[in-house]
Amino acid sequence: MSVISLLALNLGAVLLLFSALWVIAQLNRDPSFIDAFWAFSIVLVAGLTFLLTDGATWRHMLIAGLTAVWGMRLGVHLLLRWRQEGADRRYMKLLSNVREKRGWSYGRTTALFVFLPQAVLLWLTSLPVQLGQAFAGEATLGALGYAGAALAVFGIAYESLADAQLSRFKHDPARQGQVLDTGLWAWSRHPNYFGEACVWWGLWLIAAETGWGALALPGPVFVTFTLLKLSGVTLQEAGIEDRRPDYAR
């Protein structure tokens with residue numbers, strides 16, 4: 001299968017899955033669960049790519065394996081958080097603003113502002129997973145690939161620990177309204193986002209070692225930009241000083 005065909009097939013699979021998820025969102029009136037299925041869907045892309053590309057080299061197995069560990073861990077974490085905490089205020093605010101400004105239906109708003117763009121952006125994000133496996137036979141696994149694997153493993157572990165510390169903090173009644181400033185959170189305002197960025201730059205390094213896999217650069221660039229400027233830091237910190245006065249300190 002050509003690389004173009006592989007990319008097109010993966011995009012079609014993601015669009016089909018997100019269409020089904022959009023239908024579910026019409027029933028429960030809350031699209032927040034999409035964050036968990038973002039991670040699960042990238043695991044799906046990794047699995048499809050593994051099955052559709054020739055051979056099962058160490059690079060194939062490394063990329064698919066790391067993606068599966070990252071995606072299943074994060075997906076389960078986000079799904080449980082959604083079940084416990086309910087609708088994400090970021091999505092609710094977005095939908096409310098768009099519907100009020102444009103007068104659109106709930107279905108149209110969620111389709112055009114949540115599910116369709118996220119499906120396309122997920123496909124873009126997962127380029128290292130796709131191209132890294134598509135060109136896996138182009139080069140043997142070397143120092144750059146091992147460095148990428150080490151960075152990705154570090155990122156998974158760092159993000160997992162940060163999420164666990166935040167979850168424990170949020171479920172401690174004695175710390176309601178306080179600021180988490182211990183553990184990894186004593187060093188960084190968003191250690192979970194730092195770990196996430198490390199995962200995707202690590203996967204890109206594994207892909208880039210093949211030569212053509214370096215073309216997957218838009219994936220980690222987009223992840224980093226999103227975490228810093230779009231749905232990550234910017235939205236998480238909006239109004240946080242009103243909710244947690246000690247945050248400024």
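The values are calculated or read from the model by the stated rules, or taken from the named source; none is laboratory data. This one's a predicted model, so the numbers in the text were calculated from it and none came from an experiment. As a convention, Cβ positions derive from the backbone with ideal geometry for all residues, glycine included, and neighbour counts pool all protein chains shown.
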Of the residues in segment 112-134 that are among the small types (Gly, Ala, Ser) and part of a helix (DSSP H, G or I), the one that is surrounded by the fewest Cβ atoms within 10 Å (Cβ to Cβ) is 119
Residue 94 vs. criteria without any contact (Cβ under 8 Å) to a residue 24 or more places away in the chain, part of a helix (DSSP H, G or I) and loosely packed, with under 13 Cβ neighbours inside 10 Å: no
Does residue 111 meet the test of being modelled with pLDDT of 90 or more and closer than 30 Å to residue 211 by Cβ? no
Would a scan of segment 137-145 turn up a residue that is surrounded by 14 or more Cβ atoms within 10 Å (Cβ to Cβ) and within 22 Å of the chain's Cα centre (by Cα)? yes
Can you report the number of residues in segment 181-227 which are part of a helix (DSSP H, G or I), surrounded by fewer than 17 Cβ atoms within 10 Å (Cβ to Cβ) and in contact (Cβ under 8 Å) with a residue 60 or more places away in the chain? 4
Test residue 137 against the stated conditions and say whether it is part of a helix (DSSP H, G or I), in contact with a Phe, Trp or Tyr (Cβ under 8 Å, 6 or more places away or on another chain) and more than 23 Å from residue 80 (Cα to Cα). no
Of the candidates 48, 44, the one satisfying the condition of being in a helix (DSSP H, G or I) and either within 16 Å of the chain's Cα centre (by Cα) or among the aromatic types (Phe, Trp, Tyr) (or both) is 44
Do we have any residue at all in segment 46-61 that's crowded, with 20+ Cβ neighbours inside 10 Å, among the hydroxyl-bearing types (Ser, Thr, Tyr) and under 30 Å from residue 169 (Cα atoms)? no
Considering residues that are part of a loop (DSSP other than H, G, I, E, B), touching a residue at least 60 places away in the same chain (Cβ under 8 Å) and either in contact with a Gly (Cβ under 9 Å, 6 or more places away or on another chain) or surrounded by 13 or more Cβ atoms within 10 Å (Cβ to Cβ) (or both), the number found within segment 154-180 is 2
